[in-house]
Amino acid sequence: MLAVLLFAAFWVVLGFSVFFLGVRGGPSAALATPGARGSHAARRAMTWVFVVIYVAFGVVLPALFLIGNHNSANGQVGGIKLTAAEKRGREIFGERCGLCHTLAAANAVGKVGPNLDQIQPTEQLVLHTIQNGCLQNPPAGSQEACLGYGTMPADVVQGVDAVNVAKFVAKVAGQE
Ligand code: HEC
């Protein structure tokens, strides 16, 4: 919203500047205000004013808003701020887990496994599940015992990636 207003403001300022110059009979006439006719200092001042306006509206503000949008697109889910590790976890989740699991915060709508927004697993459970996988009919006391809905392969992701995914899932499941 603010970005749109500033974008509009840029063109309004530009439009008025052109109009002003035109009414005064071109840049040289516009710059030659009474008492400053032919003054180099005045011309230089005007030039700097325009340079500043162009840079501020044309470069700095758009850049700031692009950076701002980028950060909020990647760094927040439903008002929850993600750490760098959790952001990485979200990317990996999208690549490796989203096919099978639903998780709103990762825009994942997989239906093979349980909906993680509903079961809201802890970080430990996610990590344990990733490392061991799930069997539909595991032997008693097996590490691969899960909910009994189906089979999930072990080690879909490993090491730091698995930890990051676990952190991310535990933080956002059921929050959005
Ligand atoms: C090939 C499909 C598939 C993929 C890929 C997959 N899962 Fe699963 N997941 C399942 C199924 C099926 C179950 C249910 C197993 C059961 O009920 O025994 C499950 C169960 C789970 C559970 C619940 C475990 C419990 O005991 O409650 C969690 C947490 C989980 N998955 C997280 C993940 C994460 C994180 C990833 C990505 C690293 C992932 N899954 C990738 C199919 C998948």
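Taking Ala145 as meeting all but one of (1) open to solvent by less than 60 Å² (accessible area, probe 1.4 Å); (2) more than 9 Å from the ligand (Cβ to nearest atom); (3) not polar (S, T, N, Q), write down the number of the exception.
(2) is the only condition that Ala145 fails.
Quick one: would you say Ala84 is closer than 28 Å to Ala3 by Cα, modelled with pLDDT of 95 or more, open to solvent by 60 Å² or more (accessible area, probe 1.4 Å) and assigned by TED's automatic domain parsing to the domain that holds Val157? Write out each step before concluding.
Numbers: closer than 28 Å to Ala3 by Cα: yes; modelled with pLDDT of 95 or more: yes; open to solvent by 60 Å² or more (accessible area, probe 1.4 Å): yes; assigned by TED's automatic domain parsing to the domain that holds Val157: yes.
Here the answer is yes, as Ala84 does meet what is asked.
Can you tell me which residues in region 148-176 are among the aromatic types (Phe, Trp, Tyr) and surrounded by fewer than 19 Cβ atoms within 10 Å (Cβ to Cβ)?
Result: Tyr149, single match.
Search region 95-105 for residues being in a helix (DSSP H, G or I) and open to solvent by 50 Å² or more (accessible area, probe 1.4 Å), and hand back the single one that is nearest to the ligand (Cβ to nearest atom).
Arg96
Could you give every pair whose Cβ atoms fall below 9 Å, whose first residue belongs to region 127-154 and is free of Cβ contacts under 8 Å to residues at least 12 places away in the same chain, and whose second residue is near the ligand (Cβ under 6 Å from one of its atoms) and open to solvent by 50 Å² or more (accessible area, probe 1.4 Å), counting only separations of at least 6 or pairs across chains?
Taking only residues 6 or more apart or on different chains, the pairs are Pro138/Cys146.
Return the total of residues in region 106-116 being more than 9 Å from the ligand (Cβ to nearest atom) and surrounded by fewer than 17 Cβ atoms within 10 Å (Cβ to Cβ). Quick ask: steps written out before the conclusion?
Kept after step one, since they are more than 9 Å from the ligand (Cβ to nearest atom), are these residues of region 106-116: 106-109, 111, 115.
When the remaining residues are screened for being surrounded by fewer than 17 Cβ atoms within 10 Å (Cβ to Cβ), the result is 107, 109, 111.
Number satisfying all stated conditions: 3.
In region 117-133, how many are part of a helix (DSSP H, G or I) and near the ligand (Cβ under 6 Å from one of its atoms)?
Start the filter on region 117-133 by keeping residues that are part of a helix (DSSP H, G or I), which leaves 117-119, 123-132.
Within this subset, residues satisfying the condition of being near the ligand (Cβ under 6 Å from one of its atoms) are 119, 125-126, 129-130.
Selection size over region 117-133: 5.
The values are calculated or read from the model by the stated rules, or taken from the named source; none is laboratory data. Just so you know, these numbers come straight off a predicted model, no measurement behind them. FYI the Cβ positions are ideal-geometry reconstructions off the backbone, even for glycines, and counts take in every protein chain you see. Side chains included, ligands, DNA and RNA excluded: accessible areas come from the protein's heavy atoms. Shrake-Rupley method; radii C 1.70, N 1.55, O 1.52, S 1.80 Å.
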